[in-house]
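Asker: This structure is in structure tokens; I'll ask about it shortly.
The values are calculated or read from the model by the stated rules, or taken from the named source; none is laboratory data. Here the structure is a predicted model, which is why all the values come from computation and not from measurement. Positions of Cβ are generated from backbone atoms using ideal geometry, with glycine treated the same way; all protein chains shown enter the neighbour counts.
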Amino acid sequence: MRVSHVRFAARAGVGALTLLLAVGAQAHGRDRQLPQLTPATPGTLIGTCESLLGRLSGLDHTTITTATTVAAGTLSVAGTPVPVHCRVTGFMYQRVSPVDGKTYSIQFEMRLPVAWNGRFFHQGNGGIDGSVVTANAGFGGGALTTPLLQGFAVLSSDAGHSNAQGGPAFGLDPQARLDYGYQAVGKLTPMAKQAIGLAYGKGPDRSYFGGCSNGGRHTLVTAARYTPDYDGYLAGAPGYNLPLAALANIFGAQRYATVATGNPATPPGLESAFTAAERRVLANAVLARCDRLDGAADGLVQNTRTCQRVFDLERDVPTCAGARDGSCLSAAQKAAIAPIFSGATLSDGRRFYAPFPFDGGIGGGGIPFWEFTAPLVLDSGAVGAIFKVPPSVDALTNGPAFSLGLNIDTAYAQLFATDATYTEAAMSFMTPPDARNMNAVRERGAKIIVYHGVSDPIFSVADTERWYRGIDRSSGHRAEDFARLYRVPGMGHCSGGPATDQFDPLTPLVAWVEQGVEPGALVAQARGTGNRGGANADVPADWAAARTRPLCAYPQVARYAGRGDVESAASWKCVGPKGAGRGHDDRDDDRDHDD
Ligand SMILES: [Ca+2]
């Protein structure tokens, strides 16, 4: 089309050519122009907190149970007192399940600052939900700020079921599944906005959604399903393919069980397949091969992608000549472990979940819980009772036996299945519809910031990278206009690991949404001894206690500039191509599942 215009212009003469090119440039510019959302303006809580008990009594499908003033300093964030606010508790859509006879409702709390910044923050919580986590959560490790501390009105909920009623057993009730997946958010959002309007005399000017892990999943699901309701999204370690990740973790447990020397049905027994000493052997081998790729042997691998090409488990990790002694891996261990990293597969070899990168954080303190305990006590209940159609009640009574005996092929199909009782499949209610196309978010001027630990052992950073490449492709390589992905080398699940895991993604998100300030690298700090947000035991002794690093926007990576204090972010720069779609041969990575 453009070529024919130029040809026409060339025939019409130089003047017309210039005009057409100018028009073309203008059209291109217009095409890139996205709406700039206006900034929030502050407000003040009207009347007393306690009076909200009556003033909020008319909210649809909602019962307000308490409205209580919370004095300044009752809550704190890394030693900083949270200002005075009003805590409102209540529940929505109370009902009795026709399937299991239990009473369900969506329990919530809202924390409404007296001095309000004009914004609403919907806090997505982790795990299988089921409890109203205090609406004062931060992001990364040892968070120094939270939305509540900054004056947001914050909502937190149990997503429609209470863990006191049997944890994952809620999955037997089909509506509770849907509320957990996405519908609780859809019910809470208009209620919360209306409550804010009654409390302050105006609704929120700007609305945000954020959380880590399952909270990160909620965030991307909300971006896809409730696009008009929110302006900014902050997703940590988004398990946006959570049912597949949970099944992949069970796949991993079954692999470990083949080389366990203890009873694999108890967590310490399963860990005997890959001990702390052996995980350090692997981490050290990864560092030996990959640490210097970024210009500094500093215990962090910035060039994750290159590292996956140059590191070889078989070649680079010593194979035990005799008995295992913690300094090597046996040939059988390597064979068992390799498929966990290369990506969980069905019996026909088809990969159903992303690979996990080799990284320096494999020896981190948070790894054994996710690798050896979670598959037997969390993923069992999640896959068995919440995701599968039909559910398996034996997963609730004997998780280890369920997970270690599970037929992966059968369970995989059941994540996509429906029946007369469970009319929506887990891979529908738990995931963002069309996850790789978020153009509606882009077009309304909303923004997304995602962060993810490279050594996350439960949700793979590679899956999140693939999501980013997907939204980049579907937007005509304009993901940069509205989304950033920050990878955190060495970091485990949401925080921890030998990493610079303390950072603030919230402030740059708000500046991007409301001021159009495009976020660059985030500066992240290690939490060594004396850190205000709490020390991280995984920080190696030979690091500066307050080491800083830039977290670069994917696909860029940090590189040591060659001079200056290697411990300081100022001596590092973000390098590599910008824009996920250019120069990346990611076809192999993108071929498996959800297509
Ligand atoms: Ca390095």
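Asker: Among helices (runs of 4 or more DSSP H) lying entirely in the range 382-482, which contain 1 or more residues that are acidic (Asp, Glu)?
Answerer: Here the list reads 394-397, 408-414, 439-443, 461-474.
Asker: Take residue 257 and tell me if it is touching a Leu at 6+ places or on another chain (Cβ under 9 Å), hydrophobic (A, V, I, L, M, F, W, C) and within 16 Å of the ligand (Cβ to nearest atom).
Answerer: Details: touching a Leu at 6+ places or on another chain (Cβ under 9 Å): yes; hydrophobic (A, V, I, L, M, F, W, C): yes; within 16 Å of the ligand (Cβ to nearest atom): no.
No, not satisfied.
Asker: Mind checking whether some residue in the range 459-475 is closer than 30 Å to residue 536 by Cα and of a type in the set (Val, Ile, Thr)? Before you say what the answer is, go through the steps one by one.
Answerer: Taking the range 459-475 as the starting set, the residues that turn out to be closer than 30 Å to residue 536 by Cα are 459-468.
Subsequent filtering for residues that are of a type in the set (Val, Ile, Thr) retains 461, 464.
Yes, because at least one residue in the range 459-475 is closer than 30 Å to residue 536 by Cα and of a type in the set (Val, Ile, Thr).
Asker: Let me ask you something else. I want to confirm something. Restricting to the range 293-316 and keeping residues that are within 13 Å of the ligand (Cβ to nearest atom) and surrounded by fewer than 17 Cβ atoms within 10 Å (Cβ to Cβ), which single residue is nearest to residue 461 (Cα to Cα)?
Answerer: Going residue by residue through the range 293-316, those that are within 13 Å of the ligand (Cβ to nearest atom) are 293-304, 306-307.
Restricting the remaining residues to those that are surrounded by fewer than 17 Cβ atoms within 10 Å (Cβ to Cβ) gives 297, 306.
On the way: 297: 23, 306: 15 Å.
The qualifying residue nearest to residue 461 (Cα to Cα) is 306.
Asker: Under the condition of being buried (at least 20 other Cβ atoms within 10 Å of the Cβ) and either polar (S, T, N, Q) or more than 27 Å from the chain's Cα centre (by Cα) (or both), which residue from the range 264-280 is nearest to the ligand (Cβ to nearest atom)?
Answerer: 278
Asker: Condition check: of a type in the set (A, V, I, L, M, F, W, C), at pLDDT 95 or above and either surrounded by 23 or more Cβ atoms within 10 Å (Cβ to Cβ) or more than 21 Å from residue 241 (Cβ to Cβ) (or both). Does residue 413 satisfy that? Give the derivation first.
Answerer: Details: of a type in the set (A, V, I, L, M, F, W, C): yes; at pLDDT 95 or above: yes; either surrounded by 23 or more Cβ atoms within 10 Å (Cβ to Cβ) or more than 21 Å from residue 241 (Cβ to Cβ) (or both): no.
So residue 413 does not fit the description; no.
Asker: Could you identify the single residue in 75, 59, 53 that is touching a helix residue (DSSP H, G or I) at 6+ places or on another chain (Cβ under 8 Å) and either exposed (fewer than 14 other Cβ atoms within 10 Å of the Cβ) or farther than 30 Å from residue 393 by Cα (or both)? It would help to see each step written out before you state the result.
Answerer: Working: 75 fails: touching a helix residue (DSSP H, G or I) at 6+ places or on another chain (Cβ under 8 Å); 53 fails: touching a helix residue (DSSP H, G or I) at 6+ places or on another chain (Cβ under 8 Å).
Of 75, 59, 53, the one residue that is touching a helix residue (DSSP H, G or I) at 6+ places or on another chain (Cβ under 8 Å) and either exposed (fewer than 14 other Cβ atoms within 10 Å of the Cβ) or farther than 30 Å from residue 393 by Cα (or both) is 59.
Asker: Name the pairs: first residue in the range 545-565 and assigned by TED's automatic domain parsing to the domain that holds residue 533 and within 16 Å of residue 307 (Cβ to Cβ), second residue surrounded by 18 or more Cβ atoms within 10 Å (Cβ to Cβ) and modelled with pLDDT under 95, Cβ to Cβ under 7 Å, at least 6 apart or on different chains?
Answerer: Short answer, once both residue conditions are applied: 554/580; 555/580.
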